[in-house]
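Everything below concerns the one structure shown next.
The values are calculated or read from the model by the stated rules, or taken from the named source; none is laboratory data. What you see is a predicted model, and the numbers here were worked out from it, not measured in a lab. Quick reminder, even Gly has a Cβ in these numbers, built from the backbone with ideal geometry, and neighbours come from all protein chains shown. Heads up: the accessible areas ignore ligands, DNA and RNA and are worked out on the full protein's heavy atoms, side chains in. Shrake-Rupley method; radii C 1.70, N 1.55, O 1.52, S 1.80 Å.
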Amino acid sequence: VRTLASSLSSSTSGGYNTCSFNPINSNLLAIGHERNGLSLIDIRTKSLLIHYKNFSKNISNLNDSIDTNLKKSSHVSEYKQSIMSACFDKSGKHIAVLRYDLMPAIYELENELPIYLFDDENYTNRCT
């Protein structure tokens, strides 16, 4: 994992805070970077499969009906988020992430935008 992370980080500054292997397909590795967000890697080919985007607007649930509008939204930041922890669910279809200074999120494996953001007006996350 360290060799893979080194080869991936050669073009970025900062380090990796977390990684998680998919429990169903052990060739898939989710890697959380301190500056460049969450990535899904195929360890066989050392290739980037998807780079998950940040969404910072205060909403509770993202669904398919608003997904196309989100891609055009000014609240979508390409990748700027610090991932502190990432973990697959048992099915290997979702990744839960804790993000520095942002609300926790859940991503579907093949969707670059979060499908759910845990948000409450009294919730603050300055350091995970």
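Would you mention how many residues in the stretch 20-38 are modelled with pLDDT of 90 or more and either more than 11 Å from the chain's Cα centre (by Cα) or polar (S, T, N, Q) (or both)?
Number of matching residues: 10.
So the check is Cβ under 6 Å with 6+ separation or different chains; which pairs have a first residue in the stretch 35-52 that's closer than 16 Å to residue 98 by Cα and a second one that's acidic (Asp, Glu)?
52/112
Does residue 120 meet the test of being surrounded by fewer than 18 Cβ atoms within 10 Å (Cβ to Cβ), in a loop (DSSP other than H, G, I, E, B) and at pLDDT below 80?
Yes: the conditions hold for residue 120.
Which of the residues spanning the stretch 69-117 are open to solvent by 60 Å² or more (accessible area, probe 1.4 Å), modelled with pLDDT under 90 and basic (Lys, Arg)?
Listed by number, the residues that qualify are 71, 72, 80.
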